[in-house]
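Enquirer: First the structure, then my questions, so here it is.
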Amino acid sequence: MRSAEASSHDPAERLKVLLVDDHLLLIESISAALVSEYGFHVTAATDVDSALAEVDKAGHFDVILLDYDVPGMDSLAGLQRLIDANNGAVALFSGVANWTVVERAMDRGASGFVPKTLPLRILGHAIRFIADGETYLPGDYMRRASTEKGKDYGLKPREFKVLALLCEGKQNKEIGRELGMDEVIVKMDVKSICRKLDARNRTQAVIVARDSGLF
């Protein structure tokens, strides 16, 4: 998609930002606001492949905001591809990602989590923060993450990640690939999760997790 920039700002101070989202009205509105308020040079892409093409064309973006549900994400594989292509500075940009998804994204090297609900003033601050090489996480996310609901069931952090992927419909082999674990270990974790949630099988474990508000 086309780029936008404000001519009234010093080009040397402009940050190059790539928004990756398939909601056109949203990215057009955010792009216009970031250009007019901050003078950022904003480029938009609607899927991971077109985002990679933009990175290849630009060489590097100071910040990439990547929607969790954009086509080509393939869970978080798309995030990893963009991190590798841009040499970092990629943050998850979502209104639906829970803290477990965010934690997995951080494990893959994401530069933080930027909720779509942020006011424009804070969004601009978050972008500058990431461009400076820092990791941005909103305060309310940190408070929610600290509650760690999984501990109510005695779930270990890794088991909680496995359960999150079970809730996404992933099979053991896919979970192992996602978390860098041997499939045998995944099977052991699934068995442990079922025992702790008092579930007969993985399907019931997912139901218990959702009914309990874990996800």
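Enquirer: (1) modelled with pLDDT of 85 or more; (2) assigned to a helix (DSSP H, G or I): which one isn't true of Glu103, the others all being true?
Expert: (1)
Enquirer: State yes or no: is Ala110 modelled with pLDDT of 85 or more, assigned to a loop (DSSP other than H, G, I, E, B) and assigned by TED's automatic domain parsing to the domain that holds Asp69?
Expert: The answer is yes for Ala110.
Enquirer: Look at Val42 and say whether it is more than 27 Å from Phe160 (Cβ to Cβ) and outside any helix (DSSP H, G or I).
Expert: Criteria met by Val42.
Enquirer: While we're on this one: Is the range 60-73 home to any residue that is modelled with pLDDT under 85 and more than 18 Å from Lys16 (Cα to Cα)?
Expert: Within the range 60-73 (the criterion being modelled with pLDDT under 85 and more than 18 Å from Lys16 (Cα to Cα)), the answer is no, since none of the residues qualifies.
Enquirer: While we're on this one: Let me confirm something: among Leu92, Leu52, Leu79, which residue is under 15 Å from Thr135 (Cα atoms) and at pLDDT 90 or above?
Expert: Residue meeting the stated conditions: Leu92.
Enquirer: Residues Asp84, Asp69: which one is outside any helix (DSSP H, G or I) and either without any contact (Cβ under 8 Å) to a residue 60 or more places away in the chain or exposed (fewer than 15 other Cβ atoms within 10 Å of the Cβ) (or both)?
Expert: Testing whether each residue is outside any helix (DSSP H, G or I) and either without any contact (Cβ under 8 Å) to a residue 60 or more places away in the chain or exposed (fewer than 15 other Cβ atoms within 10 Å of the Cβ) (or both) leaves just Asp69.
Enquirer: Can you say whether Ser111 is small (Gly, Ala, Ser), touching a strand residue (DSSP E or B) at 6+ places or on another chain (Cβ under 7 Å) and surrounded by 17 or more Cβ atoms within 10 Å (Cβ to Cβ), as far as the supplied structure shows?
Expert: yes
Enquirer: A follow-up question, please. Mind telling me which of the residues Asp67, Asp47 ends up being farther than 15 Å from Gly124 by Cα, in the same structural domain as Arg128 (by TED's automatic domain parsing) and touching a Pro at 6+ places or on another chain (Cβ under 6 Å)?
Expert: Step by step, each of Asp67, Asp47 is checked, and only Asp47 is farther than 15 Å from Gly124 by Cα, in the same structural domain as Arg128 (by TED's automatic domain parsing) and touching a Pro at 6+ places or on another chain (Cβ under 6 Å).
Enquirer: Considering only the range 46-66, how many residues are buried (at least 22 other Cβ atoms within 10 Å of the Cβ) and among the basic types (Lys, Arg)?
Expert: So the answer is 0.
The values are calculated or read from the model by the stated rules, or taken from the named source; none is laboratory data. Because the structure is a prediction, the values reported are computed rather than measured. In this analysis, Cβ positions are derived from the backbone assuming ideal geometry, glycine residues included, and neighbour counts consider all displayed protein chains.
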